[in-house]
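Trainee: Structure below; questions to follow.
Nothing in this text is a laboratory measurement; each read-out follows from the coordinates by a stated rule. Bear in mind that the values here come from a model prediction, so they are computed numbers and not experimental data. Here the Cβ is made from the backbone with ideal geometry for all residues, glycine too, and neighbour counts use every protein chain on show.
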């Protein structure tokens with residue numbers, strides 16, 4: 001398996017470092033699922049509930065959050081930058097490229113250029129979506145038949161805000177959004193513990 005892994009002080013990160021979303025998007029509700037058990041693995045694989053993105057991607061997320069704020073909504077962040085070694089664990093659990101990127105090629109998450117997001121109200125209470133995060137199946141797709149109308153409308157609102165900010169949606173997962181610029185970035189395996197708070 002060939003992959004390009006860089007370390008925290010690599011030049012590739014110097015101009016566009018990984019930044020803490022609590023700083024760039026302070027109103028975002030962090031519900032980092034891989035720091036707990038409510039995920040496809042059923043166990044915690046992150047040492048802390050933290051969310052990082054490349055600075056340029058975080059700025060796009062901030063723009064989406066601003067758009068949602070005027071609608072009385074807040075972003076919920078389930079995952080953002082994901083170390084490559086965690087990607088490998090996910091692939092070992094579910095080798096289905098519709099839902100999990102093969103670590104041989106990596107994910108935009110491993111490049112600091114993807115976010116998994118939902119919606120909360122202005123007070124930060126999570127709003128119901130068609131299904132839960134990491135619940136792979138018919139209801140996880142955009143435009144899923146059978147999704148409750150209010151939840152389907154929230155997915156459309158989330159998608160519109162993120163696409164307007166420059167993200168691309170993954171058809172199979174209503175929560176997954178990619179910064180297209182990240183396709184040119186190297187894979188990273190920087191542990192969350194190594195990233196500054």
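Trainee: Among 97, 138, 186, which one shows the highest mean-square fluctuation when the chain is modelled as a Gaussian network with alpha-carbon springs under 10 Å?
Mentor: 97
Trainee: For 157, 37, which order do you get if you count the other beta carbons within 10 Å of each Cβ and list the fewest first?
Mentor: Neighbour counts put them in this order, fewest first: 37, 157.
Trainee: How do 40, 129 line up, fewest other C-beta atoms within 10 Å first?
Mentor: Placing the least packed residue first, the sequence is 40, 129.
Trainee: What is the chain's relative contact order, in percent, from Cα pairs under 8 angstrom and six or more apart in sequence?
Mentor: In percent, rounded to a whole number, it is 26.
Trainee: With the chain treated as a Gaussian network of Cα nodes joined by springs under 10 Å, which of 134, 96, 79 yields the largest mean-square fluctuation?
Mentor: 96
Trainee: Give me D for the range 5-194 in µm² s⁻¹, whole number, from Stokes-Einstein with Rh from the Kirkwood sum over alpha-carbon pairs, 4 °C and 1.567 mPa s. All intermediate terms of the calculation are to be shown ahead of the outcome.
Mentor: On the way: Rh = 16.5 Å.
The diffusion coefficient I find is 79 µm²/s.
Trainee: Taking other Cβ within 10 Å of each residue's Cβ, how do 105, 125, 142, 176 sort, fewest first?
Mentor: With the fewest neighbours first, 105, 125, 142, 176 line up as 125, 105, 142, 176.
Trainee: Give the shape of the range 65-142 as rounded, prolate or oblate, defined through the alpha-carbon gyration tensor: a ≥ b ≥ c are the square roots of its eigenvalues, a/c under 1.5 means rounded, and otherwise the shape is prolate if a/b is larger than b/c and oblate if not.
Mentor: Prolate shape, in that a/c is at least 1.5 and a/b is the bigger ratio.
Trainee: I've got another one for you. Springs between alpha-carbon atoms under 10 Å, Gaussian network over the chain: tell me which of 54, 22, 82 tops the mean-square fluctuations.
Mentor: In the Gaussian network model the winner is 22.
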